[in-house]
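Asker: Below is the structure I would like to discuss, written out as C-alpha cells.
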Amino acid sequence: MSMQTSKRPLVDIKALAPQTITIEPLTPVIGAEIGGVDLSRPLSEQQFGEIRDAFNTYHVLVFRDQVLTAEDHKRFGRLFGKLHVHPYHSKNSPPFHADTRGAPDPEILVVKADQNSRYVAGEGWHSDVTCDVEPPMGSMLYITETPEIGGGDTCFLSTIAAYDSLSPKMQDFVKTLTAVHDGAKPYTGAYGTTPPEGGWPKTTHPVVIRHPENGKLSLFVNRGFTTKIHELTRSESDAILEMLWHHIESRLEFQCRVRWRPNSLTFWDNRCAQHHAVWDYYPYSRYGQRVSIVGERPRLW
Ligand code: SIN
C-alpha cells in the first residue's frame with residue numbers, strides 16, 4: 001500500500017449551491033472564477049456569504065471585468081477584516097515600486113514591473129508577510145495593466161493538499177514543529193539585495209496550522225520567509241525545510257494558474273495557499289494594486 005497520498009477529494013463542490021454568484025472551478029483542488037458580482041457596488045449579505053464560502057472552499061477566487069477605485073477595492077477587503085499595512089510602509093522604503101498612480105496609501109501595495117525593474121514582487125513561492133505575528137489572512141490583487149506580449153500569470157498552490165498528501169508518520173512529525181519566519185529573507189533571498197535598515201518582523205509559527213474557517217490542516221512553511229525549524233539542528237532544519245518545500249512546490253496537482261486580463265481581481269487565502277508571480281515579460285510592463293487583510297495568529301488547535 002502506498003503511504004503517500006490520500007485520494008479523497010479535498011474540495012466538496014456539491015456543498016456549494018450559490019444563488020447570487022456563479023463559480024467556475026479552475027481545478028478540482030484550488031481556484032475558481034466567480035461571476036455575477038460587481039465589486040464596485042456594495043454586496044448583499046447573501047452575495048458576501050456565498051463569496052466567503054467559495055473562498056473557504058477554493059482558496060483562490062478570480063473576479064473578471066471589474067472597474068474599481070481604490071476605495072472599492074478597500075471596501076471589498078474590509079468585508080473580511082482590518083486592512084493590513086505592509087512593513088515596507090513603516091520603513092518608508094518600498095523595495096520595487098514607488099506609488100506612482102495617486103497618493104501613497106499605506107493600505108495599498110503597488111505591484112508593478114517595467115523595463116527598469118531588477119526584480120518583481122512575489123517571484124518565488126511564498127505566502128504574504130508570514131514574518132508578521134498576525135500575517136494577512138488573504139490578499140486581493142487588482143491588475144489593471146498586463147504585458148503587451150502576454151505572460152505575467154500568477155501560480156497558486158494548496159498547502160492543504162500538500163499536508164494531506166504527506167504520509168501519516170510525516171504528518172505526525174511536522175505537527176510537533178515550529179519555525180521562524182524572517183521579514184529580511186525576501187531581500188537576502190529572492191531580491192538578492194540588502195534589507196533596508198531598521199529591523200524586520202521575525203516571528204515563530206507552527207509548521208502545521210489549522211485553518212480557522214474550514215478547519216483543515218495546512219503546511220505553513222514557505223521559501224519566501226521561513227528560515228529555521230526551532231526544534232531541529234541547523235542541518236536537520238535545512239533538510240526538512242527543503243524536503244517540505246520540494247513536496248509543496250513540485251506537485252502540479254496542488255496548483256492552478258491565473259492568467260490575468262486587465263481589470264481582474266484575484267483574492268487568495270494566505271493560510272492555505274502559496275503563490276508565485278511569473279516574470280516572463282521583461283521589458284514589458286504590468287501594474288496592479290494589492291490590498292491585504294489582517295488575519296489571526298496562525299495556530300494548530
Ligand atoms: C504578490 O506576491 O503579491 C505578487 C503577485 C503577483 O504579482 O502576481
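The values are calculated or read from the model by the stated rules, or taken from the named source; none is laboratory data. Predicted, not measured: the structure shown is a model, and the values here were computed from it. Counting neighbours? That spans all protein chains shown, and the Cβs are built from the backbone with ideal geometry, glycine included. Accessible surface areas use protein heavy atoms only, side chains included; no ligands, DNA or RNA. Shrake-Rupley method; radii C 1.70, N 1.55, O 1.52, S 1.80 Å.
Asker: Applying 1/(1 + (r/R0)^6) with R0 = 41 Å to the Cβ-Cβ distance of Leu252 and Lys202, what FRET efficiency is obtained, to the nearest 0.05?
Answerer: 0.80
Asker: I would also like to ask the following. Rounded to the nearest 20 Debye, what is the dipole magnitude of the chain about its Cα centre when Lys and Arg each give +1 and Asp and Glu each give -1 at the C-beta?
Answerer: The dipole magnitude comes to about 400 debye.
Asker: Take the Cα coordinates of the stretch 17-91, assign each an equal point scatterer, and use the Debye formula without solvent to give log10 I(q)/I(0) at q = 0.24 Å⁻¹.
Answerer: Reported log10 I(q)/I(0), two decimals: -1.18.
Asker: Please work out the C-alpha center-to-center distance from the stretch 19-42 to the stretch 172-188 and express it in whole Å.
Answerer: 33 Å
Asker: Keeping every protein chain present and rolling a 1.4 Å probe, give me the accessible area per residue for the chain in Å².
Answerer: Here the per-residue accessible area is 45 Å².
Asker: Taking the Cα centre of the stretch 178-301 as origin, work out the dipole magnitude from +1 charges on Lys and Arg Cβ and -1 charges on Asp and Glu Cβ, in debye rounded to 20.
Answerer: 360 debye
Asker: Further question: With n ≥ 4 as the cut-off for DSSP H runs, can you work out [θ] at 222 nm for the chain, using -39500 (n - 2.57) per run divided by the number of residues, rounded to the nearest 500?
Answerer: Calculated from helices alone, the mean residue ellipticity at 222 nm is -6000 deg cm²/dmol.
Asker: Hey, another quick one. Can you give the direction-averaged projected area of the convex hull of the alpha-carbon atoms in the chain, in nm²?
Answerer: It is 15.6 nm².
Asker: Label Glu148 and Glu45 with points 7 Å out from Cα along Cα→Cβ: what is the distance between them in nm?
Answerer: Each label point lies 7 Å from its Cα, and together they span 5.1 nm.
Asker: Quick one: if you stick a label point 7 Å off each Cα along the C-beta vector at Glu231 and Ala15, how many nm between them?
Answerer: 2.8 nm
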